[in-house]
Amino acid sequence: MMTLRQFSAEPSTIPTITSWYLADLSKAQGKQELYTHQSSQKLKILREHALIESAVSSNRIEGVNIDQSRINTLKRGQ
């Protein structure tokens, strides 16, 4: 109940050190979002490579061989 009273009251001044901590937290959150975005891109690339390798392996099991240069072209996306 005491917490609600504190929130409903007029905000007091924020100490300087607290504002510095809040700024640091904001920077860290931005870096975390950047890392999360980069991780999803890396996972997408790994998923595509796994799909290509799976298709190559399936073809190899069925007796169909593909040139390594063609496989590398697929992996690079050219």
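Can you find even one residue in region 48-62 that is assigned to a helix (DSSP H, G or I), in contact with a Gly (Cβ under 9 Å, 6 or more places away or on another chain) and modelled with pLDDT of 85 or more?
The answer is yes; a qualifying residue exists.
Within region 1-57, the set of residues being of a type in the set (Val, Ile, Thr) and within 30 Å of Gln68 (Cα to Cα) comprises Ile45, Ile52, Val56. Between Ser19, Ser12, Ser40, Ser26, the distinction of being in a loop (DSSP other than H, G, I, E, B) and either out of contact with any Gly (no Cβ under 8 Å at 6 or more places or on another chain) or more than 30 Å from Arg76 (Cβ to Cβ) (or both) belongs to Ser12 only. Check whether at least one residue in region 56-77 is of a type outside the set (Val, Ile, Thr), touching a residue at least 24 places away in the same chain (Cβ under 8 Å) and surrounded by 10 or more Cβ atoms within 10 Å (Cβ to Cβ), and report yes or no. Checked against the condition, which is being of a type outside the set (Val, Ile, Thr), touching a residue at least 24 places away in the same chain (Cβ under 8 Å) and surrounded by 10 or more Cβ atoms within 10 Å (Cβ to Cβ), region 56-77 yields at least one hit. Check whether at least one residue in region 30-53 is aliphatic (A, V, I, L, M) and loosely packed, with under 10 Cβ neighbours inside 10 Å, and report yes or no. Taking every residue of region 30-53 in turn, none turns out to be aliphatic (A, V, I, L, M) and loosely packed, with under 10 Cβ neighbours inside 10 Å.
The values are calculated or read from the model by the stated rules, or taken from the named source; none is laboratory data. Quick caveat, the model's predicted, so the values are computed rather than measured. Every residue, glycine among them, receives a Cβ derived from its backbone with ideal geometry; neighbour counts consider all protein chains shown.
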